[in-house]
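**Q** Before I ask anything, here is the structure I am working with.
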Amino acid sequence: MTEIIRIDPINPETGRLARAAEVIKDGGTVAFPTETVYGLGANGFDANACSRIFEIKGRPADNPLILHIAAASWLNRVANGVDRRTLDLVEKVWPGPITLVLKRNNDVPDIVTAGLKTAAIRCPAHRIALGLIEQSGVPIAAPSANLSTKPSTTKFEHVLQDLDGKVDVIIDGGDATFGVESTIIDMTVNPPTLLRPGAFTVEEIERYLGMIKVPKTINQSLKSDDVAIAPGMKYRHYAPDKKLVLANDDTLLHAAAELAVGLKDPIAILCSKQKANALMNGVKLRNISLIVLGSDDNLYEVARNLFDGFRALDATGAKLGIIQKFDEKGIGLAIMNRVYKAAGGSSVGTFSELKELLN
Ligand code: TXA
Ligand code: MG
């Protein structure tokens with residue numbers, strides 16, 4: 001049985017948080033909102049509790065978890081030899097959607113870090129998440145609260161869809177703010193290196209840290225084959241059940257809309273409102289499900305709707321979805337990272353490729 005606890009994200013009810021914290025302290029599992037996506041949490045010092053996370057998600061054991069702490073002052077409970085550069089950074093960016101890979105200490109069980117000598121640590125900017133960690137009194141290990149390979153969960157309803165009956169508690173705390181996961185930076189190397197683009201943009205991080213290393217492969221490799229950077233990045237991820245294909249050129253969206261008319265099964269197009277308007281300009285779309293992700297002028301809006309859009313694709317009668325490209329700047333880098341992963345390398349670049357795909 002899963003207990004649902006509804007909590008106000010702005011003014012979390014202390015008693016309700018306390019109930020969820022009891023479950024964490026007792027070795028149970030609690031799905032909770034953060035500013036990025038919902039997490040599936042357990043006591044980060046309790047190896048048994050953390051093993052339930054892997055079981056519930058169907059997550060490979062070599063994919064380590066992120067430890068969530070309530071304040072930078074908790075760093076020495078999980079990390080070793082934290083340097084001045086890191087302390088200065090966290091003072092400015094935490095709580096916030098930025099995860100740091102640091103040397104871990106021996107209190108962190110091996111299962112959390114998949115045996116690595118480092119741990120990924122973050123302090124989330126969300127009152128429910130922070131309140132839950134504080135009241136539990138322990139770091140909370142939490143991956144995103146989706147089943148392994150599925151799109152991440154940005155709404156309570158998504159969590160219910162994936163985890164009802166599997167976890168002890170799901171907190172209903174409204175929608176996640178950013179909708180894409182935290183940015184992961186490896187601080188154990190010089191210069192600090194981006195492992196996963198996320199809600200905290202590289203441009204912002206560099207204001208605090210100076211130049212960081214952004215591996216050329218960070219999104220490049222995902223376009224076709226998979227070269228892993230963070231351990232978890234090598235797995236197919238974030239993926240809808242239906243096939244998702246990236247249109248390398250916007251004109252192919254128009255071509256797809258025309259070709260759809262002659263198809264047996266409908267197709268879905270995932271795009272901005274500007275592109276949707278252009279597609280509907282003067283024509284009546286037939287055999288198409290339009291999934292509007294937000295505005296080309298506000299990629300934060302697109303990020304917030306992206307995973308919901310992937311889940312919406314699965315709910316349509318469409319045979320497959322075609323998604324537009326977004327500019328890989330700012331939060332766009334994280335958006336396209338998730339799109340490449342969800343598409344698993346499939347894209348169309350020419351009209352004949354599109355025809356072949358749809359036939
Ligand atoms: O926004 C987020 O980060 C969300 C919320 C719930 O906090 N969490 C999240 O967790 O996205 P998850 O498990 O879906 O992704 C964690 C990523 C994986 O790619 C994993 O391989 C990487 O972090 N990771 C964890 N520990 C690591 C380590 N020691 N070194 C390198 N990568 C690590
Ligand atoms: Mg995940």
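The values are calculated or read from the model by the stated rules, or taken from the named source; none is laboratory data. These numbers were taken from a predicted model, which means no experiment stands behind them. Neighbour counts are summed over all protein chains in view; Cβ atoms, including those assigned to glycine, are modelled from backbone coordinates with ideal geometry. Areas reflect the complete protein model, heavy atoms only, side chains present, ligands, DNA and RNA absent. Shrake-Rupley method; radii C 1.70, N 1.55, O 1.52, S 1.80 Å.
**Q** What number comes out for the charge environment of Gly81, summing +1 per Lys or Arg and -1 per Asp or Glu over other residues with Cβ under 13 Å away?
**A** +4
**Q** Roughly how many Å² of Val23 are accessible to a 1.4 Å probe, to the nearest 10?
**A** Surface accessible to solvent at Val23 totals approximately 20 Å².
**Q** Could you give me the percent of Cα pairs per 10 Å distance bin for region 3-209, shortest bin first, beginning at zero and ending with the bin that holds the maximum distance?
**A** Taking all Cα pairs of region 3-209, the binned fractions are 9, 39, 38, 13, 1 percent.
**Q** Still on this model: Can you give me the solvent accessible area of Tyr38 with a 1.4 Å probe, rounded to the nearest 10 Å²?
**A** That residue has around 0 Å² of solvent-accessible surface.
**Q** For Val93, what charge total do you get from the other residues with a beta carbon under 14 Å from its beta carbon, if Lys and Arg give +1 and Asp and Glu give -1?
**A** Once all neighbours under 14 Å are counted, the net charge is -2.
**Q** Treating only the Cβ atoms of Lys and Arg (+1) and Asp and Glu (-1) as charged, compute the dipole magnitude of the chain about its Cα centre; round to the nearest 20 debye.
**A** Roughly 480 debye, rounded to the nearest 20.
**Q** Okay, moving on. In vacuo Debye scattering of region 243-358, one point per C-alpha: log10 I(q)/I(0) at q = 0.11 Å⁻¹?
**A** After summing over all Cα pairs, the log10 values are -0.30.
**Q** Counting Lys +1, Arg +1, Asp -1, Glu -1, what net charge surrounds Leu252 among other residues with beta carbon under 12 Å of its beta carbon?
**A** -1
**Q** What Kirkwood hydrodynamic radius, in Å, does the chain give when the mean of 1/r is taken over all pairs of distinct Cα atoms and then inverted?
**A** Its Kirkwood hydrodynamic radius stands at 20.8 Å.
**Q** List the trypsin sites (Lys or Arg not before Pro) within region 249-305 that fall in a DSSP loop (any state other than H, G, I, E or B) and whose Cβ has at most 12 other Cβ atoms within 10 Å.
**A** Counting only loop positions with at most 12 other Cβ atoms within 10 Å, the trypsin sites (Lys or Arg not before Pro) in region 249-305 are Lys264, Lys284, Arg286.
**Q** I'd like the distance separating the alpha-carbon centroids of region 284-342 and region 11-81, in whole Å.
**A** Between the Cα centres of region 284-342 and region 11-81 lies a distance of 29 Å.
**Q** On to the next question. Report the relative contact order of the chain, percent, no decimals, based on alpha-carbon pairs under 8 angstrom and at least 6 residues apart.
**A** Value for the chain: 19 percent.
**Q** Using only Cα atoms and rounding to the nearest 10 degrees, what angle (0 to 90) does helix 84-93 make with the longest principal axis of the chain?
**A** Helix 84-93 and the main axis of the chain meet at about 60 degrees.
**Q** Can you tell which of Phe200, Leu89, Ala142 lies farthest toward the positive end of the dipole of region 3-209, using +1 and -1 charges on the Cβ of basic and acidic side chains (Lys, Arg; Asp, Glu)?
**A** Leu89
**Q** For the chain, give the percent of accessible area contributed by carbon and sulfur heavy atoms, probe 1.4 Å, rounded to a whole number.
**A** 49
**Q** Could you list which residues have their amide H under 5 Å from that of Ala79, counting only those 5 or more apart in sequence or on another chain, with H placed in the peptide plane?
**A** It is Asn105, by chain and number.
**Q** Taking only protein heavy atoms and a 1.4 Å probe, what accessible area per residue, in Å², does region 3-209 have with all protein chains in place?
**A** About 37 Å² of surface per residue is accessible.
**Q** Go through Glu91, Glu13, Glu157, Glu35 and list them by solvent-accessible area, largest first, probe radius 1.4 Å.
**A** Largest accessible area first, the residues go Glu91, Glu157, Glu13, Glu35.
**Q** Separate question: In whole Hz and in residue order, list the ³J(HN,Hα) couplings for region 34-49 that follow from phi through the Karplus curve 6.51 cos²θ - 1.76 cosθ + 1.60, θ = phi - 60°; x for Gly and Pro.
**A** Couplings: 10, 6, 9, 9, 6, x, 10, x, 8, 4, x, 9, 10, 4, 5, 4 Hz.
**Q** Okay, moving on. Helix 299-315 versus the longest principal axis of the chain: what angle, 0 to 90°, nearest 10, using Cα atoms?
**A** The answer is roughly 70 degrees.
**Q** Here is a further query. Just from its helices, what would the mean residue ellipticity at 222 nm be for the chain, if runs of 4 or more DSSP H residues each count -39500 (n - 2.57) and the sum is divided by every residue, rounded to the nearest 500 deg cm²/dmol?
**A** Calculated at 222 nm, the ellipticity per residue is -10000 deg cm²/dmol.
**Q** Quick one: which of Lys216/Lys242; Lys117/Lys213; Lys117/Lys216; Lys92/Lys216; Lys57/Lys319; Lys57/Lys166 span more than 19 angstrom between C-alpha atoms?
**A** Beyond 19 Å between Cα atoms: Lys216/Lys242; Lys117/Lys213; Lys117/Lys216; Lys92/Lys216; Lys57/Lys319.
**Q** Around Ser289, which amide H atoms from residues at least 5 apart in sequence, or from another chain, sit under 5 Å from its own amide H, with H modelled in the peptide plane?
**A** Ile267, Ala268, Ile269
**Q** Per residue, how many Å² of accessible area does region 243-358 show with a 1.4 Å probe?
**A** 42
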